[in-house]
Amino acid sequence: MNGIDHYKRAEKLLADAHEPSIVQSVTGEVLSYKHGNEERAHMIHTAHVHALLANSAATADATAFRRALAQANGMELPTRTPAPKPTANLLDDEDM
């Protein structure tokens, strides 16, 4: 499954979880849903997982795209410099 498939699956699960049953009020208000509360909660949680996987896939795809683009242009990707490590004592002796 790629990122687009995960995204589509998340959308489908959310739509199914909120699909109303035939029972509606005269004003059109939903009185019950096609699925029970536990099943709906499970579908929503599963949709969340698929959305996270879609996001991860998109991030990985973007990184791979940047690398391929830089390589095609004969460039090197800039390397990240590590952030400075915090010191053990943040306060000077004078501040105490």
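Values as computed for the structure displayed
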item	result
Considering residues of region 18-45 that are surrounded by 12 or more Cβ atoms within 10 Å (Cβ to Cβ) and touching a strand residue (DSSP E or B) at 6+ places or on another chain (Cβ under 8 Å) only, the residue modelled with the highest pLDDT	Arg40
Residues satisfying the stated conditions in region 3-14, i.e. aliphatic (A, V, I, L, M) and at pLDDT 90 or above	Ala10, Leu13, Leu14
Matching residues, region 1-18, being among the charged types (D, E, K, R) and over 10 Å from His50 (Cα atoms)	Lys12, Asp16
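The values are calculated or read from the model by the stated rules, or taken from the named source; none is laboratory data. Not measured: the values here are computed from a predicted model. So basically every Cβ, Gly included, is an ideal-geometry build from the backbone, and we count neighbours across all protein chains shown.
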